[in-house]
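The next block holds one structure in the form of C-alpha cells; read it before the comments.
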Amino acid sequence: MNQEELARILRHTYEEAKRNEAAMQVHLFGIDYGQEIKKRGYKIVDIVRMAGLDKGYVAEVSKGVKLSAVVERKENHE
C-alpha cells in the first residue's frame, strides 16, 4: 500500500468519525496500519499532510502506530 492510499484511508476515517471521536478514530488508523507504515518507512507527517489534516494529527497517528506493536483490534468493531 502506498502513502497516497493510506492518506485516503486516513481522510475517510477522519471524515466518517462521529462527533468528538476523530482523535480516537485516528488512533485506530495508526493501530490498523502502523505495521505497514513502519515496514515501508513512511513518514507519518507526509501521510497526515496528504490527507489534508491538521499537523496536530501527526501525534495522534503516531500514538496509534506505537500501539500497533502491542495491541490488536477486536474482530467486532462495535
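Only the coordinates and a few stated rules stand behind these numbers; no lab work does. Quick caveat, the model's predicted, so the values are computed rather than measured. Neighbour counts are summed over all protein chains in view; Cβ atoms, including those assigned to glycine, are modelled from backbone coordinates with ideal geometry.
Listed by chain and number, the lysines whose alpha-carbon sits under 19 Å from that of residue 66, ignoring those within fewer than 8 places in the same chain, are 38, 39, 43, 55, 74.
When only Cα pairs below 8 angstrom with a gap of at least 6 residues are kept, region 3-67 shows a relative contact order of 44 percent. Note on P(r) over Cα pairs in 5 Å bins from 0, in percent: of the candidates [x] 3, 17, 30, 29, 15, 6, 0; [y] 3, 12, 18, 21, 19, 16, 7, 3, 1, 0; [z] 3, 13, 22, 22, 18, 11, 5, 3, 2, 1, the value calculated from this structure sits at [x].
In the chain, which longest range has no trypsin sites (Lys or Arg not before Pro) that are both DSSP loop (not H, G, I, E or B) and surrounded by at most 11 other Cβ atoms within 10 Å? Excluding the exposed sites themselves, the longest stretch runs over 20-42. Neighbours of residue 45, meaning other residues whose beta-carbon lies under 13 angstrom from its beta-carbon, give a summed charge of 0 when Lys and Arg score +1 and Asp and Glu score -1.
Restricting the GluC sites (Glu not before Pro) of region 1-57 to loop positions (DSSP other than H, G, I, E, B) with no more than 13 neighbouring Cβ atoms within 10 Å leaves 21. Under a crude label model (7 Å from the Cα following the beta-carbon direction), how far is residue 63 from residue 20 in nanometres? Reported label-point gap for residue 63 and residue 20 is 1.6 nm.
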